[in-house]
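J.: So that we are looking at the same thing, I have put the structure below in C-alpha cells.
The values are calculated or read from the model by the stated rules, or taken from the named source; none is laboratory data. From a predicted model like this one, the values you see are computed outputs, not experimental measurements. Here Cβ is always computed from backbone atoms with ideal geometry, including for glycine, and neighbour counts include all displayed protein chains. What goes into the accessible areas is simple: the full protein's heavy atoms, side chains included, and nothing from ligands, DNA or RNA. Shrake-Rupley method; radii C 1.70, N 1.55, O 1.52, S 1.80 Å.
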Amino acid sequence: GAEEGAEEGAEEGAEDPPTASMTVAYALPDGTEFVSTHGDHPLVVARRAAGVVPCDSWTGPTHELVVNEDTVRTMARTGARLVVTFTRSNTGGEAGDDDEGGAKSDVASTTIELASLVLGSESFAERVYDADAVDGEAFPPAFAGYRRVRVGVRLVEAPAEDAAGDDDARPATSTPPPFLPAGLARDLRPFAVTLHRASNLPDAPASHAALDELCEPIGAHLAWRHPKTKESVWPKTDDDDDAAARVVSWRTASSTTPWRTVVPLESFSAPFMTRDARFDSSLMFMAKDMPTDLHDACASAPLELRIHDRVVRAVPEKFPGLDKLEGKDDGSGEGAEGAEGAEGAE
C-alpha cells in the first residue's frame, strides 16, 4: 500500500476557496500507475484566507501487488524504489476560475528507497524534507509554505475479498505480512548495499570553484573481489561482458553540502575546503546468483569503494582548434579520483 503526507500548516476555513492544490503520481514496480484526481483523492494545500493548510491526513489508495521472482528481479534490475511526483497548481483564485495568465505549476519528484521494505527489515519507508535543514538538499518549491514534508510507503494487510475497496474494513492494528513470501526469500536470498554519505571530500589540489565549474556530478563505484583470485564476487548479470572485473555504480549523488573551510592544525599547511555527498541509495542483488556463498564473501572479500568527485566533463571549445593554435590549455586539467572520507556502505 502507499500513503503520502505532508505536515504543518494553517487551519482550513470552512468556506475558504482553495488557491493551490497538489496532484500526486507514481508507478508501482508491476507497472501500475496512479494519478490522484480532485474528485477521488483531493489534496488542497492552500486556501485564500487560511493560506497553507495541513494535509497530513492525505492517504493514497491501497494497491495490491503480486510478488514473484520476476517482480523481485525487476526491482533489483531497475531499482527498488518508488518515484512520487507532486505537481502543485496555484490558481490564484477560487476553484474552477480560469487565471488569465494560466495556472502556475511547481513539480517535485521524490524517490523513496524500498530495499529495507522488500527485505523485511521495515514495513514502512519514507523520505523527509526539512526546510530548516542546514546541510540537506534543497527544499522543493512545490512544498513552499511547509516546514517539514514526509512522503511514505507502507505495507498493509490485503483486504478480505468480501471487503474489497473498503479501506475501513481493514483492522487498524493488523500486522502486515512481509513483502517477500518465505519460500521466495529462501530461494533468491536477496540482499542490498546502501551508500549513505561520502564525507569530507576535499577540493585540494584543485579549487572548489574549478570542481563546481568543470567537473561532472559526484559518482561512486564499488568493487567486491576475491582476495586471492581477484575475481568479482558480485552476482553476474546478462549484460556483463567481463564478470570477473565487474563493479557496481551509483552514477550521481542525490545532493552535496555547501563547501566549508578547514584550517589544518599544522601552521605550515594551507587551509582547504571540503564537502559531503549524499547518496542514500540502495542496490539490490540475489545471493542465489553469486559465484560463491554470500557469508563467505562477506567474511573474506573486502568492499572497495571509490568516489569520483573530479571527473572532468567535456569543455566545448569556443572555436575549433583555437586553443591549440594559441598554445593555451583548455582549463580542464587532468582528472583525478578521490576516495577520501567515504562512509556508510552497508
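J.: Could you give me the residue pairs with C-beta distances under 7 Å whose first residue belongs to region 38-52 and is without any contact (Cβ under 8 Å) to a residue 60 or more places away in the chain, whose second residue is among the polar types (S, T, N, Q) and outside any strand (DSSP E or B) wherever it lies, and which are 6+ apart or on separate chains?
T.: Listed pairs, sorted by first residue: L43/S36.
J.: Taking the condition of being in a loop (DSSP other than H, G, I, E, B), open to solvent by less than 70 Å² (accessible area, probe 1.4 Å) and closer than 30 Å to P178 by Cα, how many residues in region 44-58 meet it?
T.: The total comes to 1.
J.: Name the strands (runs of 3 or more DSSP E) wholly inside region 224-311 in which the number of residues that are closer than 19 Å to A204 by Cβ is 2 or more.
T.: Output list reads 260-262, 272-286, 303-308.
J.: Okay, next question. Can you tell me which residues in region 227-246 are modelled with pLDDT of 80 or more and open to solvent by 60 Å² or more (accessible area, probe 1.4 Å)?
T.: K228, T229, K230, E231
J.: Across region 248-275, what is the total count of residues that are free of Cβ contacts under 8 Å to residues at least 60 places away in the same chain and either closer than 30 Å to W224 by Cα or among the charged types (D, E, K, R) (or both)?
T.: Adding up the residues that qualify gives 9.
J.: Taking only region 20-41 into account, find how many residues are under 30 Å from R77 (Cα atoms), among the aliphatic types (A, V, I, L, M) and in contact with a Gly (Cβ under 9 Å, 6 or more places away or on another chain).
T.: Residues that pass the stated criteria total 1.
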